[in-house]
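Working notes, structure below.
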Amino acid sequence: MNINKKDIIAINMEVGESGELQNPSSLEFALSIIKHQKSWLYELSYLARSMLVDHAFIDGNKRTSLALILLYFDDNDVECDKQRIVKAIHKISKQNFKDINKIMRLIKNGISC
C-alpha cells in the first residue's frame, strides 16, 4: 500500500478529528521505515505504533489506527475479526507496547482464518 502523511491526516479527519499532529516526527519516522519494508503487516505495525504509543495526533489516535488497519486489511484482501482488532488496539495503547514484533503479533491475531 502506498500511503503518505496527507492520507493519514485525512483518515484522522474522517474519524471526526482535526488532523492536527502532536508528534509529527513519529509519523514521519514510521513513513520512512515503511518505504524500505516489504511486509504490509510490518508497515502497519509501525504506523499503529506511531499513533497508539507515540500519539501522533492530538486526538483520535485509536480510531485513526483502527481505520488504517481496516484499510490495510481491505487492500490486502484479508478477513479480520474487528473486535479482536479493537482489543489489540486498546492493549497496545494501554500497555504502551514499543516492540514492533509484539504489535505485529497482536494485529495478526485479528486476522480471521
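The values are calculated or read from the model by the stated rules, or taken from the named source; none is laboratory data. Just so we're clear, the structure is a prediction, and the values are computed from it rather than from any experiment. Positions of Cβ are backbone-derived with ideal geometry, glycine not excepted, and every protein chain shown enters the neighbour counts.
Numbers below:
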| read-out | value |
| --- | --- |
| Boolean, Glu43 is within 9 Å of the chain's Cα centre (by Cα) and at pLDDT below 95 | yes |
| Any pair with Cβ under 7 angstrom, 6 or more apart, that starts in the range 17-45 at a residue that is among the hydrophobic types (A, V, I, L, M, F, W, C) and ends at one that is assigned to a loop (DSSP other than H, G, I, E, B) | Leu21/Ala56; Leu27/Ala56; Leu31/Asn4; Trp40/Met1; Trp40/Asn76 |
| Where a residue in the range 84-113 is farther than 18 Å from Tyr46 by Cβ and its partner, wherever it lies, is hydroxyl-bearing (Ser, Thr, Tyr) and surrounded by fewer than 13 Cβ atoms within 10 Å (Cβ to Cβ), with Cβ under 7 Å and at least six apart | none |
| Residue check, Glu79 among the charged types (D, E, K, R), over 11 Å from the mean Cα position of the chain (by Cα) and at pLDDT 95 or above | no |
| Long-range neighbours under 7 Å by Cβ, at least six apart or interchain, first residue among the acidic types (Asp, Glu) within the range 52-72, second part of a helix (DSSP H, G or I) | Asp54/Ser26 |
| 3 or more residues within 19 Å of Met1 (Cα to Cα) and out of contact with any strand residue (DSSP E or B) (no Cβ under 7 Å at 6 or more places or on another chain): qualifying helices (runs of 4 or more DSSP H) within the range 13-113 | 24-34, 40-52, 61-75, 100-108 |
| Residues (closer than 13 Å to Leu66 by Cα, surrounded by 14 or more Cβ atoms within 10 Å (Cβ to Cβ) and not basic (Lys, Arg)) located in the range 1-49 | Ile8, Ile11, Asn12, Val15, Leu44, Ser45, Leu47, Ala48 |
